[in-house]
């Protein structure tokens, strides 16, 4: 196993790593819309927060030797399922290969974020 860390994505806010590589797969931790430059959630709406989440996830995948194109499965968490369409619009730009996905509404997300996404991808 190999632990992944990049300063291009937010540091873990608990006792976990940004991702782990096992064999030829990378398993990311859930990414929320923290801007790694400020350490804050600066985006306010679902589209902007999804954009930041996808940038963070892309940075973690890249640090692991992978990419959004190599993602085989995502799990997506939304604070409000009413944001589903706006979330999908941004998500589709980062995952045009349409990997397998689960998307659920949750009661709350860390730091009050509107969205969180985790992924499993092939290491290239």
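What follows draws every value from the coordinates through simple rules; no lab data is involved. Predicted model, so just to flag it, every value in this text is computed and none were measured. Heads up, the Cβs are rebuilt from the backbone with ideal geometry, glycines too, and the neighbour counts pull from every protein chain shown.
Values computed for the structure shown
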read-out: Length gained when the stretch residue 2-residue 44 is fully extended (0.36 nm per residue, less Cα-Cα span); value: 11.7 nm
read-out: Folded to 0 to 90 degrees: helix 46-63 orientation relative to the chain principal axis, Cα; value: 10
read-out: Proxy reagent accessibility, fewest Cβ within 10 Å first, across 20, 81; value: 81, 20
read-out: Helix 84-94 vs. the chain, principal-axis angle (Cα, 0 to 90°, nearest 10); value: 30
read-out: Residue order, fewest to most beta carbons within 10 Å, for 75, 50; value: 75, 50
read-out: Antiparallel bridges, percent of DSSP beta bridges restricted to region 2-122 (to nearest 5); value: 75
read-out: Nearest-0.05 FRET efficiency for residue 122 and residue 84, computed from C-beta distance (R0 22 Å); value: 0.25
read-out: Average Cα contact separation per residue, the chain, under 8 Å, 6 or more apart, as relative contact order %; value: 33
read-out: Likely footprinting exposure, 124, 78, 109, fewest C-beta neighbours within 10 Å first; value: 124, 109, 78
read-out: Sites residue 12 and residue 98 - FRET efficiency at Förster radius 30 Å, r taken between beta-carbons, to 0.05; value: 0.60
read-out: Identified option (computed volume of the Cα convex hull per residue in Å³; candidates (i) 121; (ii) 165; (iii) 90); value: (iii)
